[in-house]
Amino acid sequence: MALTGVEIFKMLPKTNCKKCGQPTCLAFAMKLAQRQASLDQCPDVSEEAKQKLGEASAPPIRPIKLGTGDKAVKMGEETVLFRHEKKFVNPCAFAVKIEDTLTEADAAKKMEEVLASEIDRVGQKLRVDALFLSNDSGDAAKLEALAKLAAQKAPGVPVIISTKNPDAAGAALGHLSGQNAVLYGADAGNLAGMAEKAKAAKATLGIAAKNLDELSDLTEKAKGLGIEDMVIDSGARKAGEILRDNTYIRRAALKKGFKPVGYPVINFALREDEMLETLVAGLAVEKYGSIVVLGSVRKWKDLALFSLRQNVYTDPQVPMQVQQKIYKIGEPGPKSPFLITTNFSLTYFIVSGEIENCKVPCRLAVMDSEGLSVLTAWAAGKFTASKISQFITESGIEGELEQKELIIPGYVAILSGAIEDKLPGWKITVGPREANGLPAFLKSRA
Amino acid sequence: MPFTPPKESYNGKIFELGLGNGEKAVAIGGENVLSFHGFEGSTPRKPVIALEVQDIVPDDWPQTVREVYKDVYGDPVAWAVYCQDNLGAEAIALRLAGTHPDRGDISAEQAAETVKKVLAAIKVPLIILGSNHAEKDTAVLVKTAEAAKGSNCAIGKAQEANYKTIAAAAMANDLKLIAMSELDINLSKQLNILITQMGFDREKLITDPMCSALSYGLEYTYSVMERIKLAALAQNDPVLQPPMLADVGMYVWKVKETQAPEADLPEWGALAERGIAWEAVTASSFLISGAELLIMRHPAAVEAVKKFIAEMEV
């Protein structure tokens with residue numbers, strides 16, 4: 001359970017030395033309680049206090065890094081149950097299962113699919129993040145060969161090794177030293193051996209429990225063996241079990257401060273039916289999965305899941321914005337209509353969607369209004385005649401148009417005169433107030 | 001170490017709402033916990049999925065989904081019967097798209113005739129939707145409500161601009177009413193209050209907080225739904241206790257991801273699966289965030305969502 005500022009204050013030196021940058025120890029304690037300061041900023045804190053406070057001030061869900069370099073994935077550190085409360089912090093990783101029973105060619109092909117999965121979506125590079133190499137054969141040599149293949153074919157892609165056999169784990173991890181890999185498969189029968197291999201390879205240990213009781217037991221035992229970095233699996237496989245266990249785990253970690261489950265969760269969405277797999281993976285994205293294991297790479301499935309992850313992990317307090325520029329919808333010619341709106345993403349999506357639907361090619365100027373919708377932006381002085389005219393002038397769009405005509409949203413009809421004054425030679429036309437009036441408006445002009 | 005499940009219980013409960021008559025009647029809502037949280041409370045009813053039917057040829061639907069209905073569209077009765085008999089629809093949502101002034105301007109009287117014929121031909125519950133033209137919907141929904149009297153249909157959507165007439169028509173003909181506002185918990189609350197102040201029974205309301213598609217504002221609908229459900233349960237706010245609708249199909253099947261051929265965008269993969277996945281992911285997300293009733297278009301997406309619902313039962 002998180003400590004209050006006063007509880008923390010009692011353990012500080014109370015010298016008010018200001019070395020931490022705060023005027024008093026109490027002020028520093030308050031900052032610590034709000035997680036806005038870190039204990040190592042205090043040079044004089046006692047070892048005992050450090051231990052006690054360190055434990056209490058650790059994030060309720062331990063941060064874990066999977067992989068290294070620019071393909072590394074951060075997990076954990078979540079602070080809320082619902083995304084409207086505060087931004088979900090670290091987007092989950094998608095991992096694709098590759099069995100060591102596949103032929104080398106088939107395994108290599110799957111790795112290549114993972115490498116080719118990267119797409120650019122609304123300015124972010126998204127991809128299948130990790131390989132889940134599974135010791136289905138039970139043969140240590142086969143798992144090792146697969147790990148070696150991954151190191152050759154997909155260097156830099158984070159790897160999760162899945163086995164119940166510590167010797168197989170050790171051999172496979174030998175090819176992944178310094179890679180921040182995950183060793184998944186630690187259970188009641190092999191914990192000590194697996195913990196040893198994970199420690200030797202500096203890998204995160206993946207606990208594979210049968211239920212939440214066993215999970216809490218195993219993480220405590222692993223901790224006793226000196227393991228700090230873990231990812232956890234409660235054994236949930238059916239969608240309803242995933243929702244139940246993930247919800248209990250998140251609540252226990254955040255609201256009860258129950259440390260034994262304060263780790264990122266690994267979920268398995270693998271299904272024969274790929275459409276169902278997509279939906280179960282979607283559930284894990286929305287409800288607290290940190291690693292989601294999939295059975296295959298499919299471009300359509302990736303696109304849907306990447307988009308969902310992007311949606312769920314956006315900051316609810318910052319309006320989603322679209323880049324300021326003039327977007328072409330369809331293939332507009334010199335005579336096509338030219339419209340303007342603001343850069344709130346919903347405004348853009350709705351306006352561009354209506355234009356796309358009515359199949360009248362247009363140019364749509366999207367002006368930076370700090371993510372506000374048309375009326376709000378106008379009221380806040382971000383969508384004014386002078387700003388609009390400056391944007392239009394600087395865009396150099398004039399040269400592409402046969403007739404200099406700009407269609408403005410009906411809600412800001414009041415601006416038409418002022419824009420005409422500031423844009424000599426331009427005709428300003430007032431469009432419909434709502435986007436759903438655009439198809440009729442545009443078709444009537446065609 | 002034993003794990004004590006941190007269960008949540010709430011004072012509030014979602015109203016249970018019935019649609020239709022006879023053996024094919026359905027009911028939604030009734031739960032006293034968040035969606036699919038049967039592990040800590042009561043979830044007596046499964047979500048219901050209505051298949052969408054239109055009164056005109058759906059020439060604005062992309063090929064992937066239009067193809068499914070090519071033998072029946074143009075005839076709303078045949079289309080509705082096909083959905084019920086061949087696709088196993090639990091409910092039909094008849095969208096009177098052709099009444100829109102820009103899409104044929106079919107008269108309210110003619111729309112009412114269509115409703116009568118469809119009602120006579122199907123046994124499953126009907127949801128009657130206007131064309132989302134606030135002014136025309138007033139006339140169309142009043143006439144169609146009369147035609148649907150006694151059928152225990154839902155009609156909609158009542159919005160801020162036209163709720164008075166539509167709510168009065170639903171009340172006079174003993175129908176359920178869909179109240180839609182735009183992506184804001186307070187607007188939803190306000191509209192539900194205005195409608196109940198007219199004497200409309202809040203237990204006959206369905207809240208539509210406005211849908212959106214994956215990648216096109218999904219997170220807004222998702223979070224508004226979660227907030228409405230939490231207010232209904234944790235704060236026991238009766239105004240927000242009607243079950244919720246997600247009108248998924250019409251938002252999904254107009255976005256680029258459900259239309260662009262693979263040849264144009266090879267990195268997006270197969271169009272057929274992509275479209276179905278887009279509708280199914282959008283739909284299942286809104287079930288997770290709190291919707292009890294869905295309106296969808298592609299039967300393969302419906303099938304996937306039904307399998308998902310079955311798996312959500314623990």
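The values are calculated or read from the model by the stated rules, or taken from the named source; none is laboratory data. As the structure is a computational prediction, the values presented were derived from the model and not from experiment. Every residue, glycine as well, gets a Cβ built from its backbone with ideal geometry; the counts of neighbours run over all protein chains shown.
Assorted remarks:
- The set of residues from region A:300-319 being surrounded by fewer than 24 Cβ atoms within 10 Å (Cβ to Cβ) and among the acidic types (Asp, Glu) comprises just one member, A:Asp315.
- Yes/no for A:Val318 being within 11 Å of chain B (Cβ to nearest Cβ), out of contact with any strand residue (DSSP E or B) (no Cβ under 7 Å at 6 or more places or on another chain) and aliphatic (A, V, I, L, M): no
- Scanning region A:297-309 for any residue that is basic (Lys, Arg), closer than 30 Å to B:Thr258 by Cα, in a helix (DSSP H, G or I) and more than 9 Å from chain B (Cβ to nearest Cβ) turns up at least one such residue.
- Some residue of region A:38-60 being modelled with pLDDT of 90 or more and either surrounded by fewer than 19 Cβ atoms within 10 Å (Cβ to Cβ) or not in a loop (DSSP other than H, G, I, E, B) (or both): no
- Residue among A:Val280, A:Val297, A:Val261 that is closer than 15 Å to B:Ser284 by Cβ and crowded, with 19+ Cβ neighbours inside 10 Å: A:Val280
- Residue within region B:76-88 that is part of a loop (DSSP other than H, G, I, E, B), surrounded by 17 or more Cβ atoms within 10 Å (Cβ to Cβ), without any contact (Cβ under 8 Å) to a residue 40 or more places away in the chain and more than 20 Å from the chain's Cα centre (by Cα) present: no
- Residue match in region A:361-374 (condition: out of contact with any strand residue (DSSP E or B) (no Cβ under 6 Å at 6 or more places or on another chain) and within 15 Å of A:Gly330 (Cα to Cα)): yes
- Taken across region A:61-79, residues that are within 13 Å of the chain's Cα centre (by Cα), touching a residue at least 24 places away in the same chain (Cβ under 8 Å), within 14 Å of chain B (Cβ to nearest Cβ) and part of a loop (DSSP other than H, G, I, E, B) do not occur at all.
- Members of region A:200-231 that are of a type in the set (D, E, K, R) and surrounded by fewer than 17 Cβ atoms within 10 Å (Cβ to Cβ): A:Lys202, A:Lys210, A:Asp213, A:Glu220, A:Lys223, A:Glu228
- Single residue of A:Lys238, A:Lys210, A:Lys202 found to be on the phi > 0 side of the Ramachandran plot and either over 25 Å from the mean Cα position of the chain (by Cα) or not hydroxyl-bearing (Ser, Thr, Tyr) (or both): A:Lys202
- At least 2 residues being farther than 19 Å from B:Pro238 by Cα is the threshold, and among the strands (runs of 3 or more DSSP E) wholly inside region B:131-208 those reaching it are B:154-158.
- Selection within region B:230-255 - surrounded by fewer than 18 Cβ atoms within 10 Å (Cβ to Cβ) and either assigned to a helix (DSSP H, G or I) or not acidic (Asp, Glu) (or both): B:Ala234, B:Gln235, B:Asn236, B:Pro238
- Hits in region A:135-164 - residues which are outside any helix (DSSP H, G or I) and either closer than 18 Å to A:Ser177 by Cα or not assigned by TED's automatic domain parsing to the domain that holds A:Thr103 (or both): A:Ala154, A:Pro155, A:Gly156, A:Val157, A:Pro158, A:Val159, A:Ile160, A:Ile161, A:Ser162, A:Thr163
- Residue, farthest from A:Val318 (Cα to Cα), within region B:209-222, restricted to residues that are of a type in the set (Gly, Ala, Ser) and assigned to a strand (DSSP E or B): B:Ala213
- One residue stands out in region B:32-53 among those that are more than 14 Å from every other protein chain (Cβ to nearest Cβ) and among the charged types (D, E, K, R): the one that is surrounded by the fewest Cβ atoms within 10 Å (Cβ to Cβ), namely B:Arg45.
- Only a single item in (1) within 21 Å of B:Ile14 (Cβ to Cβ); (2) in contact with a helix residue (DSSP H, G or I) (Cβ under 8 Å, 6 or more places away or on another chain) is not met by B:Ala169, and it is number (1).
- Elements of the type helices (runs of 4 or more DSSP H) sitting completely within region A:177-281 and holding at least 1 residues that are touching a strand residue (DSSP E or B) at 6+ places or on another chain (Cβ under 6 Å) and more than 14 Å from chain B (Cβ to nearest Cβ): these cover A:191-200.
- Sole exception among (1) buried (at least 16 other Cβ atoms within 10 Å of the Cβ); (2) assigned to a loop (DSSP other than H, G, I, E, B) for A:Lys19, by number: (1)
- Number of the condition not met by B:Gly98 [criteria: (1) within 21 Å of the chain's Cα centre (by Cα); (2) in a helix (DSSP H, G or I); (3) farther than 17 Å from B:Met250 by Cα]: (3)
- Here is the figure for region A:103-115: residues that are aliphatic (A, V, I, L, M), without any contact (Cβ under 8 Å) to a residue 24 or more places away in the chain and either part of a loop (DSSP other than H, G, I, E, B) or within 14 Å of A:Leu294 (Cβ to Cβ) (or both) total 0.
- Every residue from region A:286-296 that is over 14 Å from A:Lys238 (Cβ atoms) and at the interface with chain B (Cβ under 9 Å from one of its Cβ atoms): A:Glu286
- When region B:267-314 is limited to residues that are outside any helix (DSSP H, G or I) and closer than 20 Å to B:Asp208 by Cβ, the one that is nearest to the other protein chains (Cβ to nearest Cβ) turns out to be B:Gly290.
- Scanning region A:321-335 for residues that are within 12 Å of another protein chain (Cβ to nearest Cβ), crowded, with 18+ Cβ neighbours inside 10 Å and part of a loop (DSSP other than H, G, I, E, B) returns a single hit, A:Val322.
- Residue match in region A:309-328 (condition: within 30 Å of A:Asp106 (Cβ to Cβ) and modelled with pLDDT of 95 or more): yes
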